[in-house]
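S.K.: This is the structure I want to talk about, given as C-alpha cells.
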Amino acid sequence: MSRKIALITGASAGIGKATATLLAAQQYNLILVARRLNSLTELAQQLEKQYGILTYSRQLDVRNKVAVSDLVNELPEEWQKINVLVNNAGLASGLNTIDEGDTNDWDVMIDTNIKGLLYVTRAVVPLMKKHQIGHIINIGSIAGKEIYNNGNVYCATKHAVDALNKSMRLELSRFPIKVTAIHPGAVETEFSIVRFHGDAERAAKVYEGFENLVADDIAEAIWFAVSRPAHVNINELTIMPTAQPAAGMIHRKA
Ligand SMILES: NC(=O)c1ccc[n+]([C@@H]2O[C@H](COP(=O)([O-])OP(=O)(O)OC[C@H]3O[C@@H](n4cnc5c(N)ncnc54)[C@H](OP(=O)(O)O)[C@@H]3O)[C@@H](O)[C@H]2O)c1
C-alpha cells in the first residue's frame, strides 16, 4: 500500500468527518474511529467510492484505554505505518458555573478530551517512532487559549491539550514526528447540540446573527499543516470567525 495513512478520531461528524473527506480527496487511506459505527461505515463507503481510497473503520470510545491499545496493536501490518494522527474526538458537556456544574459532565470532558487523546497518542506514537515518520494534529480550541463564562472545565481540558501539544513536540520532534495544534473558535457542527444534551433549539442560538466557521475551514487548516515540506512544522494555528475576536465575544447582527 503506497498511499499515506491517516488515523482520525471522532470521524463520524463535524471536523473529523470534514478532515476525512479532505484527506481522502488527497488520496490518503483512512483509519476512521468513533462511537457511532453506522455513520463511520456510511462515510467510509462514500469516500472509497468517490476517491478510490481504502478505509479501516472501527467503533471506538477513546475513553476506553484497553480498547484503544487493542485497536492499535491489532492493526493489520499494512495499516501500521500511520503518517498522520488527527486527535479530534472531543466534546463540551454543559455550560454552568462551577458550583452548579454536573460532575458527570466534567468526567466525560476530562476523560474524552484529555485522557482519550493521551491513550490514542500513547498507542500510536510507538508505531510512528518505529517507522520514523509521523505528524500528530491535536484539535484544541480557543478555549485552550482563553476562558469564557461558564466554560470552566471545557476550557481546562483544552488548556491541557495546549500543554500536551507543546510537550509532545518537545519530546517527538527528534524522531522526527511533527506536532501541530489547531485551535478553532465557533464552528457549527454537532458540538453545541452535544454541549446542550440534545437541545437543538438552544444549540442553534449559538450560531445566530454571525457567520460562524464550518468544519471545512478547519479541515483546510489541517491540510495546510500536513502538506508543508518535511523541514516545516506548523506549531499551532488559532482560527476564529471574523465576527468572534475573542472566545467570549461575538458580534451578532440583530
Ligand atoms: N465546534 C466548535 O465550535 C469547536 C471549537 C473548538 C474546538 N472544537 C473541537 O473540535 C473537535 C471536534 O468537534 P466538532 O465540533 O466536530 O463536534 P462534533 O460534530 O460533535 O464531533 C465530535 C466527534 O467526536 C466524536 N467523539 C466524541 N466523544 C467520543 C469518544 N468518547 N470516543 C470516540 N469519539 C468520540 C464524535 O463521534 P461519536 O459521537 O460517534 O463517538 C464525533 O465524531 C472536538 O475536540 C472539539 O472540542 C470544536
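S.K.: Just for helices (runs of 4 or more DSSP H) wholly inside the stretch 179-254: which have at least 1 residues that are within 12 Å of the ligand (Cβ to nearest atom) and crowded, with 20+ Cβ neighbours inside 10 Å?
M.R.: Here the list reads 191-195, 215-226.
S.K.: Which one of these is at pLDDT 95 or above, more than 13 Å from the ligand (Cβ to nearest atom) and in contact with a strand residue (DSSP E or B) (Cβ under 7 Å, 6 or more places away or on another chain): Tyr51, Tyr56?
M.R.: Matching residue, one of Tyr51, Tyr56: Tyr56.
S.K.: Only one of (1) polar (S, T, N, Q); (2) under 19 Å from Phe196 (Cβ atoms); (3) away from the ligand (no atom under 16 Å from the Cβ) fails for Gln80. Which number is that?
M.R.: Checking Gln80 against (1) polar (S, T, N, Q); (2) under 19 Å from Phe196 (Cβ atoms); (3) away from the ligand (no atom under 16 Å from the Cβ), the one that fails is (2).
S.K.: State which residue pairs qualify: first residue free of Cβ contacts under 8 Å to residues at least 60 places away in the same chain and of a type outside the set (A, V, I, L, M) and inside the stretch 5-16, second residue within 6 Å of the ligand (Cβ to nearest atom) and in a strand (DSSP E or B) in any location, beta carbons under 9 Å apart, and separation of 6 or more residues or different chains.
M.R.: Pairs found: Ser12/Ala34.
S.K.: So Arg36 clears everything in (1) within 16 Å of the ligand (Cβ to nearest atom); (2) more than 21 Å from Gly140 (Cα to Cα); (3) touching a helix residue (DSSP H, G or I) at 6+ places or on another chain (Cβ under 9 Å) except one condition, right? Which one?
M.R.: Tallying (1) within 16 Å of the ligand (Cβ to nearest atom); (2) more than 21 Å from Gly140 (Cα to Cα); (3) touching a helix residue (DSSP H, G or I) at 6+ places or on another chain (Cβ under 9 Å), Arg36 fails exactly one: (3).
S.K.: Here's another thing I want to ask about it. With respect to Phe175, is the statement that it is modelled with pLDDT of 95 or more, of a type in the set (Phe, Trp, Tyr) and part of a loop (DSSP other than H, G, I, E, B) true?
M.R.: yes
The values are calculated or read from the model by the stated rules, or taken from the named source; none is laboratory data. Treat the numbers as computed from the prediction; the structure is a model and nothing was measured. Cβ coordinates were reconstructed from backbone atoms using ideal geometry, including for glycine residues, and neighbour counts include every protein chain displayed.
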